[in-house]
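To start, the structure itself, in C-alpha cells.
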Amino acid sequence: MINIGIVGYGYWGPNLVRNFAETPGAKVAAVSDLDTAKLALVQRRFPGVKTTTDFRELLNDSGVDAIAIATPVHTHFELALAALQAGKHVWLEKPMTETSAQARQLIDEAQKRNLVLLVDHTFIYTGSVIKMKELIDSGELGKVLYYDSIRVNLGLFQRDVSVISDLAVHDFSILDYLLGEHPVAVSANGTNHFPGTPENLAYVTLFYDSGTIAHTSVSWLAPVKVRQIHLGGTKKMITYDDLEPSEKIKVYDKGVSFTDDPAKIQEMRVGYRTGDMWAPKLAGTEALAVEGAHFVDCIVNSKMPKTDGQLGLRVVETIEACHHSMRRKVRRNGETVNIESRGK
Ligand SMILES: NC(=O)c1ccc[n+]([C@@H]2O[C@H](COP(=O)([O-])OP(=O)(O)OC[C@H]3O[C@@H](n4cnc5c(N)ncnc54)[C@H](O)[C@@H]3O)[C@@H](O)[C@H]2O)c1
C-alpha cells in the first residue's frame, strides 16, 4: 500500500484526494493546506485522513511514501525539492516549475535518490489524446501537417502565472506526446489587459524540424468556453472537442492532392477528397484515475512515468521561450525564439 500525502486543497487538490482515495494500492494518509477552512472540508469528506497546515509534518512522517503537490506554481520547486530530499516520491502539478533550471534540479534530485517524479500533465492520460496518438502511430493520419487549438473561457485569472503557463501548457504536453518531437522555435504574442497582472490572452506558434506547425490561442477573457483542437494529416484530419459529452474525437477522411501532370496544367491542379467521418470509441475512465494507478505502478515496480520530469522540463522550456518572445521590449513582441537545449 502506497501512503500518499496531498499538499494543496484548493481547486485541483480535491480531485487528487478523491482519486487517490479510490486508487487500488494507494491510501490518502494526510492532506496539508495553509487554510484551516479547507482542511475542515477534508475532515468532513474523509474523516480518517490526517490534516495539517504544516507541510513539513508530511515530510517527517515515515509512514508517508509519496507527496502530491497541488499548490500555486511559484511554490512547486521549494516544496518538491524538500519532498524529494525527505525521500518521498513526488507527483507535481503542471507546469512543473517556474524555470527550466529548477526543473533540471528536481530531475537530478529524483534520479540520485531513485525516486519517482511524475508531472501531472493530465491530458496525456485521457482516452481522447490516447486515441489521437494511436491514429498517428498507426499511420492512419499520414504525416502530421498542423495542430491548431483554441482554449478560451472567462477563466480564473491567476496571480502568479500567465495564461500560457496555465492553458497553453496543455497543448505543449499533448504535442510532445503526439509528435514525439520538441519544437525548435516559438513565436508568441500576448497581452495583459489589466496592469500588474500576468498576460491573460496569447497567440502562440510552435515550429518543428519535421515541418509540422502548431498554433494555440489561449485566453481567460472569452465570453464562452471553447476547448478544441484540429489536427491535419496528409491522409486524414481529426477534430477534438473536449466539451462534447460523447464523440469528442471525429476523424475525417478529407484531404487534398496536387498533380504536376503537364496535360492538366491548365486545369485546377488541386484534387479534393471528401469521404466519411467517424467518431471512434474512447476509453471512458477518468484520466486522473488512470494516472493515479500509473503513479502507484511506477513506485511499486520502479518504472519511469509516462509524464516524467523530462517531459515536464521540455514543457517548461517551451513556456520560457514563449515568455521570452512575448515579453521582448527592445524588438517586436512575437519575434521567433529558438529553443536550443531541447529538454536535456
Ligand atoms: N492538471 C490539471 O489539469 C490542473 C488543473 C488545474 C490546476 N492545476 C495545477 O494545480 C496547482 C494548484 O492550482 P489550483 O487552481 O488548485 O490553485 P488554488 O489556489 O485553488 O489552490 C492552491 C492551494 O494550495 C494551498 N497552499 C499554498 N501553499 C501551500 C503550502 N506551502 N502548504 C500547504 N498548502 C499550500 C493554498 O492554501 C490553496 O488552498 C497549480 O499548479 C495548477 O497549475 C492542474
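The values are calculated or read from the model by the stated rules, or taken from the named source; none is laboratory data. All values reported here derive from a predicted model rather than from experimental measurement. Neighbour counts are summed over all protein chains in view; Cβ atoms, including those assigned to glycine, are modelled from backbone coordinates with ideal geometry. Side chains are part of the model used for accessible areas, which takes the heavy atoms of the whole protein and leaves out ligands, DNA and RNA. Shrake-Rupley method; radii C 1.70, N 1.55, O 1.52, S 1.80 Å.
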Roughly what angle does helix 13-22 make with the longest principal axis of the chain, taking Cα atoms, 0 to 90 degrees, to the nearest 10?
80
If you count, for each residue, the other Cβ atoms within 10 Å and average over each peptide, how do 108-115, 161-168 line up from highest to lowest?
161-168, 108-115
Just from its helices, what would the mean residue ellipticity at 222 nm be for the chain, if runs of 4 or more DSSP H residues each count -39500 (n - 2.57) and the sum is divided by every residue, rounded to the nearest 500 deg cm²/dmol?
-9500 deg cm²/dmol
Under the 7 Å Cα-to-Cβ spin-label approximation, residue 44 and residue 338 lie apart by a distance in nanometres of 5.7
Between 0 and 90°, nearest 10: helix 73-85 axis offset from the chain longest Cα axis
60
Among residues other than residue 117 whose Cβ falls under 9 Å from its Cβ, what is the net charge (Lys/Arg +1, Asp/Glu -1)?
-2
Work out, step by step, the length gained on full extension between residue 215 and residue 235: first 0.36 nm times the residue separation, then minus their alpha carbon distance; give nm to one decimal.
5.2 nm
Of all accessible surface on the chain at a 1.4 Å probe, what whole percent is carbon and sulfur?
53
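Between their Cα atoms, which of 88/225; 50/88; 27/225; 143/225; 225/248 are more than 26 Å away from each other?
Details: 88/225 38 Å; 50/88 18 Å; 27/225 35 Å; 143/225 30 Å; 225/248 15 Å.
Correct reply: 88/225; 27/225; 143/225.
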Which of the listed residues, 48, 167, 189, is farthest toward the dipole's positive end in the chain, when Lys, Arg count +1 and Asp, Glu count -1 at the beta-carbon?
189
Per the Kirkwood formula over distinct C-alpha pairs, the hydrodynamic radius of the chain in angstrom is 21.5
note: the stretch 169-314, Cα-Cα separations exceeding 25 Å make up a percent value of 52
Neighbourhood net charge (13 Å Cβ-Cβ; Lys/Arg +1, Asp/Glu -1) for residue 25
-2
Ranking request for peptides 290-299, 21-30: highest mean number of other beta-carbon atoms within 10 Å first, then the rest in descending order.
290-299, 21-30
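For the chain, report the accessible area per residue in Å² (1.4 Å probe, heavy atoms, rounded to an integer). Numbers along the way, then the final one.
Working: 16330 Å² over 344 residues.
Per-residue value: 47 Å².
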Descending semi-axes in whole angstrom, ellipsoid equivalent of the stretch 120-211, from the Cα gyration tensor:
28, 15, 10
Specify the angular offset, from 0 to 90 degrees and rounded to the nearest 10, of the alpha carbon long axis of helix 36-45 from the longest principal axis of the alpha carbons in the chain.
90
So, over other residues within a Cβ distance under 12 Å of residue 232, counting Lys, Arg +1 and Asp, Glu -1, the net charge is +3
